[in-house]
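One structure is given below, encoded as C-alpha cells.
The values are calculated or read from the model by the stated rules, or taken from the named source; none is laboratory data. The shown structure was predicted, so the numbers you read here are calculated from the model rather than taken from an experiment. All Cβ positions, glycine included, derive from the backbone under ideal geometry; neighbour counts span all protein chains shown. Protein only, heavy atoms only, side chains kept; ligands, DNA and RNA dropped before computing areas. Shrake-Rupley method; radii C 1.70, N 1.55, O 1.52, S 1.80 Å.
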Amino acid sequence: MKRICLIICILLGMAAQAQEKETLVLIKTTKGDIKVKLYNDTPLHRDNFIKLINEGWYDNSPFHRVINKFMIQGGHNQDGTVDPGYRVPAEIRPNHFHKKGALAAARQGDQVNPEKASSGCQFYIVQGNVLTDAHIQMYMQNYGVNFTVEQIKAYTTIGGTPHLDGEYTVFGEVVEGLDVIDKIAGVKTGYMDVPVEPVTMTIEIINN
C-alpha cells in the first residue's frame, strides 16, 4: 500500500512538473534581448507563436508601432506581410493581465470582431505607466472592475495598462529585458507611430 502511494505521489509530482514547464523564447532586437515565457493555459496562442517562430515568420521583422508609455507592437513578416490568413480564438484569462512586460495578441476591434479573436501574427509587449492608489480606485470605479492583490502590486510598482484587461489575450510575459522595452518605446517615431530608425527582431525558442 505504501509503495502504491509512493508511486502515485511520484506520478503526480511528475505531472505537476510537466504542467509547470513553460516554453521560453528569446526576442533578439536591435536594442537588446528580451526573454519571454509563454503561458500553458493559453495553448492556442502559445502553439501558434511557436509555429510562426519555427517557420521564421519573425526573422528580421520590424516593430512597426511604438507608443511610449503604452506598448511596442510587432508581427509583420520580413517581406511586409501583416496577416497569415487566419485568426486565433480568444483565450482571455482573468489571471493574466496587462502589467509591464505582458505579451499579448493584437486584434481587430469589437465592431468587426465581437468574439475578440486574435490576429494570427500581430503581438504587442506592454510598457504602460506606474499607477498610484488613486489611479487604481479610478479604474475600478470607471470600468466596474475589482483588481486582485497581484494586479494592484504590479500596477503600482512596475506599471501597465489595466484598461486593456479582459479585452485582449495575454499569452506570456517578459522574464528578462524590461529595460529593452523602455529602449524600444523611447525611440523617435513618425507617421502612424512607426520608428524613424527601424527596430527589428528575430525570435528563437530557447526550450519547449
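Looking at region 168-179, which of its residues are part of a loop (DSSP other than H, G, I, E, B) and within 13 Å of the chain's Cα centre (by Cα)? Talk me through it step by step, then tell me what you get.
We begin by selecting, within region 168-179, every residue part of a loop (DSSP other than H, G, I, E, B); these are 168-169, 177.
Selection gives Tyr168, Thr169.
For region 58-72, how many residues meet the condition of being aromatic (Phe, Trp, Tyr) and open to solvent by 30 Å² or more (accessible area, probe 1.4 Å)?
Matching residues across region 58-72 total 1.
Restricting region 25-51 to residues that are hydroxyl-bearing (Ser, Thr, Tyr) and more than 17 Å from Tyr168 (Cα to Cα) leaves a set whose member that is surrounded by the fewest Cβ atoms within 10 Å (Cβ to Cβ) is Thr30.
Residue pairs whose Cβ atoms lie under 6 Å apart, separated by 6 or more positions or on different chains, with the first residue in region 177-192 and under 11 Å from Thr29 (Cα atoms) and at pLDDT 95 or above and the second open to solvent by 50 Å² or more (accessible area, probe 1.4 Å) and part of a loop (DSSP other than H, G, I, E, B), are Val180/Lys31; Lys183/Lys31; Ile184/Lys31. Selection of region 87-105 for residues being outside any loop (DSSP other than H, G, I, E, B) and not hydrophobic (A, V, I, L, M, F, W, C) yields Arg87, Lys99. Looking at the structure I just gave you, is Leu44 over 14 Å from the mean Cα position of the chain (by Cα), assigned to a helix (DSSP H, G or I) and at negative phi? For Leu44, the condition - over 14 Å from the mean Cα position of the chain (by Cα), assigned to a helix (DSSP H, G or I) and at negative phi - is not met. For region 3-18, the condition of being modelled with pLDDT of 95 or more and open to solvent by less than 40 Å² (accessible area, probe 1.4 Å) holds for none of the residues. Of all the listed residues (Asn146, Asn54, Asn142), the sole one being within 21 Å of Glu173 (Cα to Cα) and open to solvent by 40 Å² or more (accessible area, probe 1.4 Å) is Asn54. Checked against (1) over 21 Å from Pro43 (Cα atoms); (2) in contact (Cβ under 8 Å) with a residue 24 or more places away in the chain, Ile152 passes all but condition (2). Going by what's in this entry, would Pro84 be described as closer than 22 Å to Trp57 by Cα and in a loop (DSSP other than H, G, I, E, B)? In short, yes.
For region 127-139, filtered to residues that are in a helix (DSSP H, G or I) and more than 17 Å from Glu167 (Cα to Cα), the residue that is least open to solvent (accessible area, probe 1.4 Å) is Ile136.
Count of region 106-126 residues, restricted to those that are touching a residue at least 60 places away in the same chain (Cβ under 8 Å) and either open to solvent by 20 Å² or more (accessible area, probe 1.4 Å) or assigned to a loop (DSSP other than H, G, I, E, B) (or both), is 4.
Which of the residues that make up region 149-167 are open to solvent by 30 Å² or more (accessible area, probe 1.4 Å) and either in a loop (DSSP other than H, G, I, E, B) or acidic (Asp, Glu) (or both)?
Glu150, Ile158, Asp165, Gly166, Glu167
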